[in-house]
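Visitor: Below you will find the structure I want to go over with you.
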Amino acid sequence: MKTYENTGSKDTRSGFGAGLTELGKTNPNVVALCADLTGSLKMDEFKANHPERFFQVGIAEANMIGLAAGMTIGGKIPFTGTFANFSTGRVYDQIRQSVAYSGKNVKICASHAGITLGEDGATHQILEDLGLMKMLPGMTVINTCDFNQTKAATKAIAAHNGPVYLRFGRPKVANFTPENQTFEIGKAVHLQEGTDVSIIATGHLVWEALEAAKRLHEKGITTDVINIHTIKPLDEAAIINSAKKTGCIVTAEEHNFLGGLGESVARTLAQHHPTPQEFVATQDTFGESGTPAELMEKYGLNAKSIVEKAEKVIARK
């Protein structure tokens with residue numbers, strides 16, 4: 001069984017900040033826009049290094065999207081930054097009309113996603129953003145798992161021509177992927193080989209999937225663990241191949257089970273290789289105030305829940 005080392009817990013939003021800082025030095029067409037949350041989005045260093053390419057729009061997210069769309073006409077590559085709730089739900093009309101419909105090269109970068117936003121509560125803890133964004137034609141949707149992967153993804157999307165939604169978070173989580181990795185949009189990362197059950201995870205749940213794999217291994221159960229960092233376009237081949245090998249799947253995400261990764265996996269299986277599936281996700285509910293750890297436990301978004309669902313789906317084979 002392959003093991004992964006947590007090289008030190010870091011927040012994924014800092015991975016975005018680090019990637020944006022490097023882009024600022026290497027790509028003069030990259031510009032950054034922020035809706036009054038520069039510190040929270042870790043955009044301070046980009047702002048300090050390139051004040052002429054940083055635009056503080058204030059609490060005016062819809063205007064920020066419109067400005068970003070316009071900047072692409074002049075060849076700029078705009079990165080917008082605010083909380084995930086404000087990056088999607090608040091400005092969905094502007095994204096649909098000005099960015100997606102027009103195919104504008106805007107990178108919508110969203111922090112503080114999911115219930116791990118914590119004490120700010122349900123009004124800020126968006127759990128439907130992946131569904132909102134993946135339904136937009138032409139929109140690439142990425143949900144990274146740790147600091148290193150978020151940094152690599154931030155740099156990679158600058159080279160991608162077309163609208164992108166990049167989702168990351170506030171809490172410090174395990175940093176376990178390679179430091180100098182190559183991020184390939186739409187290509188799943190196979191983390192663990194197994195034949196009894198597949199665990200397909202995204203975002204903060206990838207580390208929990210690896211922890212679950214350890215516990216299952218102790219019970220004599222081998223797991224195929226796949227990190228789906230790109231929700232759209234989805235690496236269907238990786239999912240189908242894993243399903244053929246194990247015969248059952250658990251999906252894990254910090255998102256509503258309606259509209260997220262699990263639903264995309266279920267569609268893929270229904271079309272190509274019908275397979276028993278269990279979902280680790282929120283169950284069509286809003287969040288609430290609490291620490292990230294408390295909320296992940298209450299809503300069953302952890303290794304313990306993945307193990308339980310794995311045992312349940314194995315029994316369904």
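The values are calculated or read from the model by the stated rules, or taken from the named source; none is laboratory data. All of these numbers come straight from a predicted model, not from anything done at the bench. Cβ sites come from the backbone with ideal geometry, for glycine too, and all protein chains shown count toward neighbours.
Condition check ((1) touching a Ser or Thr at 6+ places or on another chain (Cβ under 6 Å); (2) crowded, with 17+ Cβ neighbours inside 10 Å; (3) not assigned by TED's automatic domain parsing to the domain that holds Thr195) across all residues:
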position: Ser264; (1), (2), (3): no, yes, no
position: Phe286; (1), (2), (3): no, no, no
position: Thr291; (1), (2), (3): no, no, no
position: Leu295; (1), (2), (3): no, yes, no
position: Tyr299; (1), (2), (3): yes, yes, no
position: Asn302; (1), (2), (3): no, yes, no
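Visitor: Sticking with this one: Within the stretch 212-231, track down each residue that is buried (at least 19 other Cβ atoms within 10 Å of the Cβ) and among the charged types (D, E, K, R).
Guide: Selection gives Asp224 alone.
Visitor: Has the stretch 84-97 got any residue that is over 21 Å from the mean Cα position of the chain (by Cα), surrounded by fewer than 24 Cβ atoms within 10 Å (Cβ to Cβ) and not acidic (Asp, Glu)?
Guide: yes
Visitor: From the list Phe46, Phe86, Phe79, which residue is of a type in the set (Phe, Trp, Tyr) and touching a Cys at 6+ places or on another chain (Cβ under 9 Å)?
Guide: Only one candidate passes the filter, namely Phe79.
Visitor: While we're on this one: For Gly169, which of the numbered conditions (1) outside the structural domain of Lys155 (by TED's automatic domain parsing); (2) under 18 Å from the mean Cα position of the chain (by Cα) fails to hold?
Guide: With (1) outside the structural domain of Lys155 (by TED's automatic domain parsing); (2) under 18 Å from the mean Cα position of the chain (by Cα) applied to Gly169, the lone miss is (1).
Visitor: Those residues that are aromatic (Phe, Trp, Tyr) and buried (at least 23 other Cβ atoms within 10 Å of the Cβ), I need them from the stretch 147-180; list them, please.
Guide: If the condition is that a residue be aromatic (Phe, Trp, Tyr) and buried (at least 23 other Cβ atoms within 10 Å of the Cβ), then Phe147, Tyr165, Phe168 are the ones that fit.
Visitor: Considering (1) of a type in the set (Gly, Ala, Ser); (2) out of contact with any strand residue (DSSP E or B) (no Cβ under 9 Å at 6 or more places or on another chain); (3) without any contact (Cβ under 8 Å) to a residue 40 or more places away in the chain, say which one Gly89 fails and leave the rest.
Guide: (3)
Visitor: Could you please find all residues in the stretch 207-257 being of a type outside the set (Phe, Trp, Tyr), assigned to a helix (DSSP H, G or I) and within 30 Å of Ala122 (Cβ to Cβ)?
Guide: Once the filter is applied, which keeps residues that are of a type outside the set (Phe, Trp, Tyr), assigned to a helix (DSSP H, G or I) and within 30 Å of Ala122 (Cβ to Cβ), the stretch 207-257 yields Glu208, Ala209, Leu210, Glu211, Ala212.
Visitor: Quick one: would you say Thr251 is touching a residue at least 24 places away in the same chain (Cβ under 8 Å), buried (at least 24 other Cβ atoms within 10 Å of the Cβ), among the hydroxyl-bearing types (Ser, Thr, Tyr) and closer than 16 Å to Glu278 by Cα?
Guide: yes
Visitor: Still on this structure, I have one more. Looking at the structure I just gave you, is Thr21 surrounded by 17 or more Cβ atoms within 10 Å (Cβ to Cβ) and at pLDDT 95 or above?
Guide: yes
Visitor: Ok, one more. Would you pick out the residues in the stretch 6-22 that are in contact (Cβ under 8 Å) with a residue 40 or more places away in the chain, among the polar types (S, T, N, Q) and within 21 Å of Ala84 (Cα to Cα)?
Guide: Thr12, Ser14
Visitor: So in the stretch 43-86, with the set limited to residues that are assigned to a loop (DSSP other than H, G, I, E, B) and without any contact (Cβ under 8 Å) to a residue 40 or more places away in the chain, which one is farthest from Gly17 (Cα to Cα)?
Guide: Ranking the candidates gives Gly74 first.
Visitor: Restricting the search to the stretch 119-148, which residues are out of contact with any Pro (no Cβ under 7 Å at 6 or more places or on another chain), part of a helix (DSSP H, G or I) and more than 23 Å from Tyr299 (Cβ to Cβ)?
Guide: Result: Phe147, single match.
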